[in-house]
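Everything on this sheet refers to the single structure shown next.
The values are calculated or read from the model by the stated rules, or taken from the named source; none is laboratory data. Just so you know, these numbers come straight off a predicted model, no measurement behind them. Here the Cβ is made from the backbone with ideal geometry for all residues, glycine too, and neighbour counts use every protein chain on show. Side chains included, ligands, DNA and RNA excluded: accessible areas come from the protein's heavy atoms. Shrake-Rupley method; radii C 1.70, N 1.55, O 1.52, S 1.80 Å.
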2 protein chains.
Amino acid sequence: MFKRAKQNRVFQDVVEQIQDAILTGKLPPGSKLPAERELKEMFNTSRGTLREALRVLEQKGLIEIKLGVNGGAIVKQIGTDPLMESLALLIQSGNVSLAHLSEFRIKIEGSLVELATERATPQDIEKLEQMQARARHCYDTRDWENFLKTDEAMHTYIGTMTRNPVFQFVQKSIHDNIHRYYQDFLPMNRERTLENLTDFDKIIAAMKSKDGAAASAIITDHVQRFHDKMTGKHP
Amino acid sequence: MFKRAKQNRVFQDVVEQIQDAILTGKLPPGSKLPAERELKEMFNTSRGTLREALRVLEQKGLIEIKLGVNGGAIVKQIGTDPLMESLALLIQSGNVSLAHLSEFRIKIEGSLVELATERATPQDIEKLEQMQARARHCYDTRDWENFLKTDEAMHTYIGTMTRNPVFQFVQKSIHDNIHRYYQDFLPMNRERTLENLTDFDKIIAAMKSKDGAAASAIITDHVQRFHDKMTGKHP
DNA sequence: AGATCAAAATGGTTTAACCATTGGGCAGAA
DNA sequence: TTCTGCCCAATGGTTAAACCATTTTGATCT
């Protein structure tokens, strides 16, 4: 019949008011909030309490705080950073294992490539081919570090080709979190890089012929092989 | 050559130390931190600064703070709540649309059901059939509210059948965030509920015969139809 | 003009006090 | 004895005032 009376901590009220103003666009990204000593007056609270509210907003990724004169709280463009951090916490806590993540990635990357193939423009294909050429050059000159960077950039670019930020975020967060823990076990040798090159050749070819199913199958297999190698070395 | 010297705000150092202790298991879930006035001495800092650190840890979902005597900061089991909150922020900010979410859901739910089918135990099937019976009873008595609850419970249960928390989290967060904004447009009528019942009949049958591809196709179509109806009413 | 330094604005930290909530214990009534 | 009501102490929540650290601005000197 009755709901529990709301526990009202002052700083939470401040957080809600500012967050509301940001989400409704009254405080657009890039705009600066008044100085702490002014805000304190506006909210009729103490500086300590106000600062607790700012800490929360900062942690949520809604504002960024700069030092010095003309410093202060600046409204940020909302991004995926806090999401990534939370995910990393989940993984580090052991509530989610790398095997779980990897399994998920294997499934999702197939769908992602399929969607990317459907929506690929000629410019996209061209861009991918340029990147693939760069990767091949790295292979020829045995520049493994840049090969890895290019490889990652290609995966990321395929993510943007979906034109769907959810796929992009999920791919990036899964990829980052897997590699953060696996990179020590990444043996970069001729064999593996060549395999990578061949796979991407096939994927680009499948995309060119608009064969989403084929592209999906290739990348699924590609990611699966990576998964097997890593779990083999790190059981 | 040199990295920028780290901006060391005192409260950040406190956050890191406590977070470290939690993640390494030195502070297991359920354990209680010392009182603020003790922690303040241990870290050799002021209470205000210490409280800023606690606010951050609270926002990260690592601790929970209780009031009164015997109150204090209690280490929480790390869960998906902060992740869900960040995702909700992204959606509310307009950086991610419901169409994006829904498209993602259509893809992921298929993979999820496929995996669930592979791993379904006879007990799982039995559980699903019980829930389906309950849903049918709700349909017969026109109890739409409980029908919806049962429907959601079945989706969630299929998520747990994957035995992979990543699938479970992604499914739950996507589902929650879609329904939070769509529920006003949910017309619960005989036709739609019957359709739901029929779909689940088919899915359970496919699971029984271990036909993951079929189960996947059915649920994908199911979710797609939901998506079309919602976007039709709310373009 | 350019270099140098001082001042002011602003976030970061400290201190000390008081308020609010909660749980436990104690005294008195039933 | 047992229940009720009250008070007390521990603990988080809030306030106030001061000082420190960083950074920009601009005035001054060369």
ask   = Across segment B:68-81, what is the number of residues that are at pLDDT 95 or above and farther than 16 Å from residue B:23 by Cα?
value = 1
request  = Test residue B:163 against the stated conditions and say whether it is under 22 Å from the mean Cα position of the chain (by Cα) and open to solvent by 60 Å² or more (accessible area, probe 1.4 Å).
outcome  = yes
key: Flag if residue B:152 is over 22 Å from residue A:169 (Cα atoms), away from chain A (no Cβ under 12 Å) and surrounded by fewer than 20 Cβ atoms within 10 Å (Cβ to Cβ)   = yes
remark   = When every residue in segment A:65-99 that is near DNA strand C (Cβ under 10 Å from one of its atoms) and touching a residue at least 12 places away in the same chain (Cβ under 8 Å) is compared, the one surrounded by the fewest Cβ atoms within 10 Å (Cβ to Cβ) is A:74
task = Write out, first by first residue and then by second, each pair whose Cβ atoms fall under 6 Å of each other, whose residues are 6+ apart or on separate chains, and whose first residue, in segment B:41-55, is closer than 18 Å to residue A:54 by Cβ and within 8 Å of chain A (Cβ to nearest Cβ) while the second is more than 10 Å from DNA strand D (Cβ to nearest atom) and open to solvent by less than 30 Å² (accessible area, probe 1.4 Å).
result = B:52/A:55; B:52/B:11; B:55/A:55; B:55/A:56
ask   = Does residue A:118 satisfy the condition of being modelled with pLDDT of 90 or more, open to solvent by 40 Å² or more (accessible area, probe 1.4 Å) and touching a Gly at 6+ places or on another chain (Cβ under 9 Å)?
value = yes
inquiry  = So, in segment B:8-29, how many residues would count as being within 16 Å of DNA strand C (Cβ to nearest atom), loosely packed, with under 14 Cβ neighbours inside 10 Å and modelled with pLDDT of 95 or more?
reply    = 2
query = Can we say residue B:101 is closer than 23 Å to residue A:163 by Cα and away from DNA strand D (no atom under 14 Å from the Cβ)?
reply = yes
task = Within segment B:134-153, identify whether any single residue is in a helix (DSSP H, G or I) and under 25 Å from residue A:111 (Cα atoms), and answer yes or no.
result = yes
